[in-house]
Structures are given as structure tokens and as C-alpha cells.
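The values are calculated or read from the model by the stated rules, or taken from the named source; none is laboratory data. The model shown is predicted, which means the values in this text are computed figures rather than measured ones. Virtual Cβ from ideal backbone geometry, glycine too; neighbours counted across all protein chains shown.
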Amino acid sequence: MKAVRVHAFGGPQVLTYEEVPVPEPGPGDVLIRVHAAALNPPDWYARIGFANIPEDMRPTGLGLPFTPGSDVSGVVAAVGPEVTRWRVGDEVFGMVRFPELNNGGKGYAEYTTSPASHLARKPASVGHVEAAAVPMAGLTAYQFLFDHIGLGEGPDRTVLVNGAAGGVGHFLVQLAKTRGARVIAVASGRHESFLRGLGVDEFLDYTTQPVPDLVRDVDHVIDTVGGPHGYRFLPTVRPGGTISPVFFGEYHREEAARLGITFVGGQVHSDGGQMAELARLIDDGRLRVSVDSVFALPDAAKAHDRAERGHIQGKIVLRVADE
Ligand SMILES: NC(=O)c1ccc[n+]([C@@H]2O[C@H](COP(=O)([O-])OP(=O)(O)OC[C@H]3O[C@@H](n4cnc5c(N)ncnc54)[C@H](OP(=O)(O)O)[C@@H]3O)[C@@H](O)[C@H]2O)c1
């Protein structure tokens, strides 16, 4: 089969399209004929050897060569021993073995294996390209809002999402709306009509106005951007409120504690049950998937070039087979 592999850490050009053996599904695993695989930031963090991660938190020991790609949508081609949940021909999608380092998902390929429990049935109302766009970004949004923050039902909660148009952000704003929250989206101006179309209550363009001067008394800030100025959101949060750093950032945690602000969040992990919840919301028309751009599998380097240009609206997807 064909797959994309990284033999040496570096720029998008290190992504090599080549012939590799079809993997065998082990106990509890299925073999998937991949129809589409999504890009996620960890794919390019791994490609550059995690050079963008603070040194004390940087994963070490990633073996070369490796095939990136945790998120896939496809068709079950074979089932390994002990699998009763899936049959050959089932359409499935999921985030495979994340956050494992050396045994993680290998989705940039014509075939890949996945634990049966990391998958759910693909939502019937969308194709494989849209379905592949969901797993990591959708699970991150789901786990931050419902597992970490514990967002309840009702209109008495305000959630501010920074980086609202990106993969994680566009699912965060929609999932928060499913619970009735008031949602403030922060993004560059080009995304305003997109985000209003997803139902946000307020849109703030961070390129034209200093967002922290405009908002007060937010219950939950979810910051998908992070970086050295994360602390600028402290004045926007009410005492007793929360900040959720989705990426690394400088949040002046002592000052936050003095203000009564707590930090909640964590690392996204594979979960087939939550994938089934996301599929149900998609098929009910309550969760929309935005695809920024689609590239053929051999053009994975071009897809990573697109990712590096930033300002992504939704997800970048690799088409591996026809729908
Ligand atoms: N904790 C976890 O388990 C976990 C899981 C998944 C992802 N992540 C991390 O979460 C981050 C976001 O992932 P993603 O897939 O959503 O990335 P993405 O699709 O690239 O989205 C990032 C978005 O942020 C916006 N943005 C950039 N600079 C901004 C700024 N200064 N202020 C506001 N918005 C800004 C971009 O568009 P505009 O600038 O045009 O608005 C873009 O839409 C990544 O760092 C990723 O590693 C963490």
C-alpha cells in the first residue's frame, strides 16, 4: 500500500509518499481502508521533532521513520482477534491511539489499524472527508467543555473561545451552544460570517481591537491559541471562573489564583463512545463540520504548507480514496 512517512525531522518536504506493507490488525484491533485522514497540530509537531514544545514538556524518543495522522474515516477491511463490535464493510471514524507516541495513529496511509474501542460509526449525513475532520478537534472540544469544565445546561453561562474558527474552536462554539451557553468568539475578521453562521452570540476581531478591554465577567475562557500573552485574558474572567489553556501559554497563575480564577483542562484522549455522541449531533444537524481545504494523500506536504500559513477555518483533510 501507499503511505506518507517521515524519515528525518524537518519542514513539510520531509513527508514522503512511498510503498509500505499493509499492517496486520492485532487482538482488539480492526484494519481500516482509509478514505480520508485529517491533519492536526500534533502531526506537524512530530514532523519537526516537537521543537515548538517547551523543553521540559517535550516528548522524546519518537522513532523514525513514522507515519503521522491520528484522525481517520474509512471502511473496516478486516477484524483482528477478539473484535465483536465491528464487521467488514462498516463505515467508521475515530482518533486512533492518541496520545501514544510511538504506537500512535498512522492515518496518512491507504490502510491503518485501530483499537475497535477508539472508533464509532461514521455519521451517515456526511462523507468521509467531513467525518475525518471531526475526531481530534471534536473530542478536544467535547472533553474540555463537558469533562474538564463540566458545562451544564442553561443560558446563565458565558463561554469565550479564543481561536474560534480553527479546528477545535469551531467545534467548541457549537458544542457550547448545544448546552444553551452564551458564546463569545474571538478570531480574525475574515471568519466573522462563518462564526455567526455557527450561532455565536458575539464576535470579536482580535486584529482590530484589544479583546481583554471589551469583555468582563466571563465564566469560562477556552484559549486554543496560548503563547506568551495568555495572561491577557485574566481581566475578562469573573472571580470563580475558569481558564482552559488548550495549548501551552503564559497565564500568570499566581495572579490568577489571587483573582479566584482556576485552570481546567488536559490532554485529549481517544474515546469511541464520545465519537458516537459527536456523530449523533452531526446527524441531528446540531454540529456542523467545516473543511478548510482538501489535498490528495500524495500531496501531504502541500497540506502541511497550508497548515503553516495559519488562519485555518475548520480542518485540513487528506483524501485517500474516493467516497
Ligand atoms: N490539549 C489538547 O489535548 C489539545 C488537543 C487538540 C489541539 N490542541 C492544541 O490546540 C491548538 C489549536 O488547535 P487547532 O487544531 O484548533 O488549530 P487550528 O485549526 O490551526 O486553529 C487555530 C486558530 O487560531 C486562530 N488564531 C491564530 N492566532 C490567533 C490569535 N492571536 N488570537 C485568536 N485567534 C488566533 C487562527 O485563525 P485566525 O488567526 O484567522 O483567527 C485559527 O483559526 C493547537 O496548539 C493544538 O496543538 C491541544
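The set of residues in segment 306-323 that are part of a helix (DSSP H, G or I) and out of contact with any Leu (no Cβ under 6 Å at 6 or more places or on another chain) comprises Arg306, Glu308, Arg309.
Considering the conditions (1) within 24 Å of Thr140 (Cα to Cα); (2) crowded, with 19+ Cβ neighbours inside 10 Å; (3) among the hydrophobic types (A, V, I, L, M, F, W, C), Leu62 is excluded by exactly one of them, (2). The residues of segment 289-305 that are within 15 Å of the ligand (Cβ to nearest atom), surrounded by fewer than 18 Cβ atoms within 10 Å (Cβ to Cβ) and not in a strand (DSSP E or B) amount to a single one, Asp305. Looking at Phe194, Phe171, Phe203, Phe233, just one residue is within 20 Å of Val268 (Cβ to Cβ) and surrounded by 15 or more Cβ atoms within 10 Å (Cβ to Cβ), and that residue is Phe171.
Residues that are under 19 Å from Gln267 (Cβ atoms), of a type outside the set (D, E, K, R), in contact with a strand residue (DSSP E or B) (Cβ under 7 Å, 6 or more places away or on another chain) and outside any strand (DSSP E or B): does segment 81-103 have at least one? First the steps, then the outcome.
First, the residues of segment 81-103 that are under 19 Å from Gln267 (Cβ atoms): 94-103.
This time we only want the ones that are of a type outside the set (D, E, K, R), so: 94-96, 98-99, 101-103.
Remaining after also requiring in contact with a strand residue (DSSP E or B) (Cβ under 7 Å, 6 or more places away or on another chain): 94-96.
Right, trim to outside any strand (DSSP E or B) and you get 96.
Yes.
Looking at this structure, is Asp299 within 14 Å of the chain's Cα centre (by Cα) and without any contact (Cβ under 8 Å) to a residue 40 or more places away in the chain? The answer is no for Asp299.
Selection of segment 261-286 for residues being of a type outside the set (Phe, Trp, Tyr), in contact with a Lys or Arg (Cβ under 9 Å, 6 or more places away or on another chain) and not in a helix (DSSP H, G or I) yields Ile261, Ser270, Arg286. Restricted to segment 234-273, and to residues there that are out of contact with any His (no Cβ under 9 Å at 6 or more places or on another chain) and under 28 Å from Lys122 (Cβ atoms), the residue that is farthest from the ligand (Cβ to nearest atom) is Gly273.
Each row is one residue, and each column tells you yes or no for (1) more than 21 Å from His170 (Cβ to Cβ); (2) out of contact with any Gly (no Cβ under 9 Å at 6 or more places or on another chain); (3) hydrophobic (A, V, I, L, M, F, W, C).
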{"residue": "Ala257", "(1), (2), (3)": "yes, yes, yes"}
{"residue": "Gly260", "(1), (2), (3)": "yes, no, no"}
{"residue": "Gly273", "(1), (2), (3)": "yes, yes, no"}
{"residue": "Ala279", "(1), (2), (3)": "no, yes, yes"}
{"residue": "Asp283", "(1), (2), (3)": "no, yes, no"}
{"residue": "Val289", "(1), (2), (3)": "no, no, yes"}
{"residue": "Phe295", "(1), (2), (3)": "no, yes, yes"}
{"residue": "Asp299", "(1), (2), (3)": "yes, yes, no"}
{"residue": "Ala303", "(1), (2), (3)": "no, yes, yes"}
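Within segment 236-260, the only residue that satisfies the criterion of being surrounded by 19 or more Cβ atoms within 10 Å (Cβ to Cβ), part of a loop (DSSP other than H, G, I, E, B) and of a type in the set (A, V, I, L, M) is Val246.
Inside segment 119-232, counting only helices (runs of 4 or more DSSP H) that do not spill past its ends, which hold 2 or more residues that are away from the ligand (no atom under 11 Å from the Cβ) and not hydrophobic (A, V, I, L, M, F, W, C)?
Passing ranges, in order: 128-132, 167-178, 192-197.
Of the candidates Pro68, Pro81, the single residue that is at pLDDT 95 or above and surrounded by 18 or more Cβ atoms within 10 Å (Cβ to Cβ) is Pro68.
Could you list all residues from segment 70-123 that are aliphatic (A, V, I, L, M) and free of Cβ contacts under 8 Å to residues at least 24 places away in the same chain? Within segment 70-123, just Val88 meets the criteria. Residue pairs whose Cβ atoms lie under 8 Å apart, sitting 6 or more positions apart in sequence or on different chains, and linking a residue in segment 35-57 that is in the same structural domain as Leu15 (by TED's automatic domain parsing) and closer than 17 Å to Ala300 by Cα to a partner that is among the charged types (D, E, K, R) and in a strand (DSSP E or B), are His35/Arg319; Ala36/Arg319; Ala37/Asp71; Ala38/Asp71; Ala38/Lys315; Leu39/Lys315; Asn40/Asp71.
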